[in-house]
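Enquirer: My questions will all concern the structure given below.
The values are calculated or read from the model by the stated rules, or taken from the named source; none is laboratory data. These numbers were taken from a predicted model, which means no experiment stands behind them. Quick reminder, even Gly has a Cβ in these numbers, built from the backbone with ideal geometry, and neighbours come from all protein chains shown. Please note that ligands, DNA and RNA were not included when accessible areas were found on the heavy atoms of the full protein model with its side chains. Shrake-Rupley method; radii C 1.70, N 1.55, O 1.52, S 1.80 Å.
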Amino acid sequence: MARRHHAPVLTTAVLLGVGMTVLLSACSDGPAPAPSVSASQSATPTATPTRTPSSAPDAGQPSAPSATPTDDQTGPADDGTGPGTGNGSGAEAPASVDWAAVSKQGIAAAGGGSVVSLAGSGDSWTVVVVGSDGTETQSVVSATLGRVTSGPFPKAVDGATGAADRARAAAATTDAAAAATAAERAGGGGKLSALTLGGSAGAPVWTATLTGGGVSTVTVDGRTGTATAG
């Protein structure tokens with residue numbers, strides 16, 4: 001009878017052990033924890049390097065034209081017909097000077113009158129002209145180009161000087177061009193550098209200064225045109 005009471009107790013213990021085993025097994029089968037994100041798999045994107053364009057021009061494309069202007073010397077040469085500018089012509093000195101042409105240009109620039117003096121050298125000559133009212137004008141004339149290169153400008157003279165120059169010019173039958181030519185012929189190879197009308201209305205006289213020859217001064221009678229050296 002004693003052995004019958006121990007059997008139920010043993011069975012109950014076995015059943016409890018099996019139940020605990022099943023419960024522990026169920027708890028251990030839960031979902032595995034999510035893996036942590038590695039520091040090397042950061043969500044920050046890596047910056048893509050930008051491409052810097054090269055400053056060198058592409059060999060396959062023509063370079064831009066230079067902004068520096070070129071010196072174009074293909075234009076027409078100065079033919080001497082334009083208006084005079086500057087203080088001289090810049091032309092080469094002629095072998096001989098056409099005094100009639102130089103005088104004519106000076107008179108034309110003054111608007112009429114008579115030449116009372118010439119001065120200069122080489123190509124550039126200052127021509128002084130007295131008008132019918134006694135006023136005087138001066139211009140620079142290029143002997144090579146045959147035109148005025150500077151002026152005309154008014155020449156300051158007092159009333160008495162202007163009146164005397166006008167009277168002498170009116171009385172002289174030998175003009176400046178003829179007097180300059182006669183003076184160079186009598187000057188022993190010298191070149192004219194200055195010519196001035198002086199004297200009086202009754203006896204006008206041209207006085208010429210020459211350089212480079214045997215004679216430095218020549219006088220020319222304003223009425224007869226006779227040249228006297230010395």
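Enquirer: Go over the candidates LEU192, LEU210 one by one and state the one that is in contact with a Phe, Trp or Tyr (Cβ under 9 Å, 6 or more places away or on another chain) and surrounded by 20 or more Cβ atoms within 10 Å (Cβ to Cβ).
Expert: LEU192
Enquirer: Residue pairs, Cβ under 9 Å, 6 or more apart or interchain, first in the stretch 96-112 and closer than 19 Å to GLY131 by Cα, second assigned to a helix (DSSP H, G or I) and polar (S, T, N, Q). List them.
Expert: ALA100/THR181
Enquirer: So, one more: Go through the residues of the stretch 114-128 one by one and say whether even a single one is of a type outside the set (Gly, Ala, Ser), open to solvent by less than 20 Å² (accessible area, probe 1.4 Å) and within 18 Å of ALA203 (Cα to Cα).
Expert: yes
Enquirer: Additional query: Given (1) in contact with a Lys or Arg (Cβ under 9 Å, 6 or more places away or on another chain); (2) under 25 Å from THR219 (Cβ atoms), identify the lone condition not met by THR135.
Expert: (2)
Enquirer: Have a look at ALA169, ALA229 and point out the one that is at pLDDT below 95 and farther than 20 Å from SER124 by Cα.
Expert: ALA229
Enquirer: Any idea how many residues of the stretch 136-188 are of a type outside the set (A, V, I, L, M, F, W, C) and more than 28 Å from the chain's Cα centre (by Cα)?
Expert: Residues meeting the conditions: 20.
Enquirer: A follow-up question, please. Right, VAL128: under 21 Å from GLY222 (Cα atoms), in contact (Cβ under 8 Å) with a residue 24 or more places away in the chain, part of a strand (DSSP E or B) and not acidic (Asp, Glu) or not?
Expert: Yes.
Enquirer: Looking at (1) farther than 18 Å from VAL102 by Cβ; (2) at pLDDT below 95, can you tell me which one THR211 breaks?
Expert: (1)
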